[in-house]
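For reference, the structure is listed below as structure tokens.
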Amino acid sequence: MADQPPILRYFAFAHLSDHLKGVSAPFADLANHLAATLPPGPETSVALRKLLESKDAAVRAALDLPKEN
């Protein structure tokens with residue numbers, strides 16, 4: 001099995017609060033699936049980078065959700 005792409009470290013979510021974990025976790029799952037099933041190369045790198053950008057935007061959007069008590 002090939003080494004995992006370094007970008008996967010940016011999909012870690014254990015350090016986030018619970019409401020942000022719920023937003024971030026599906027992106028991590030997809031990133032890991034893509035890294036495991038697609039061949040290494042420029043298009044896979046682009047797919048992971050754009051997924052990371054999307055995850056970051058979704059987490060930022062979730063910062064504006066009302067917090068549950």
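Taken together, the values in this text are just the output of simple stated rules run on the coordinates, not laboratory data. The structure presented is a predicted model; accordingly, all values stated were derived computationally and were not measured. Note that each Cβ is placed from the backbone with ideal geometry, even for glycine, and that neighbours are counted across all protein chains shown.
Here are the numbers:
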quantity: Total charge dipole magnitude, segment 8-69, about the Cα centre, Cβ charges on Lys, Arg, Asp, Glu only, Debye to nearest 20; calculated: 120
quantity: Nitroxide proxy distance, nm - points 7 Å out along Cα→Cβ at His19 and Asp56; calculated: 2.3
quantity: Sites matching GluC sites (Glu not before Pro) across the chain that sit in DSSP coil, with at most 10 neighbouring C-beta atoms within 10 Å; calculated: Glu68
quantity: Matching label, mean projected area of the Cα convex hull in nm² computed from the structure shown, candidates (i) 3.8; (ii) 5.2; (iii) 4.8; calculated: (iii)
quantity: Nitroxide proxy distance, nm - points 7 Å out along Cα→Cβ at Glu43 and Leu63; calculated: 3.5
quantity: Loop-located trypsin sites (Lys or Arg not before Pro) in segment 39-69 whose Cβ has at most 16 other Cβ within 10 Å (DSSP); calculated: Lys67
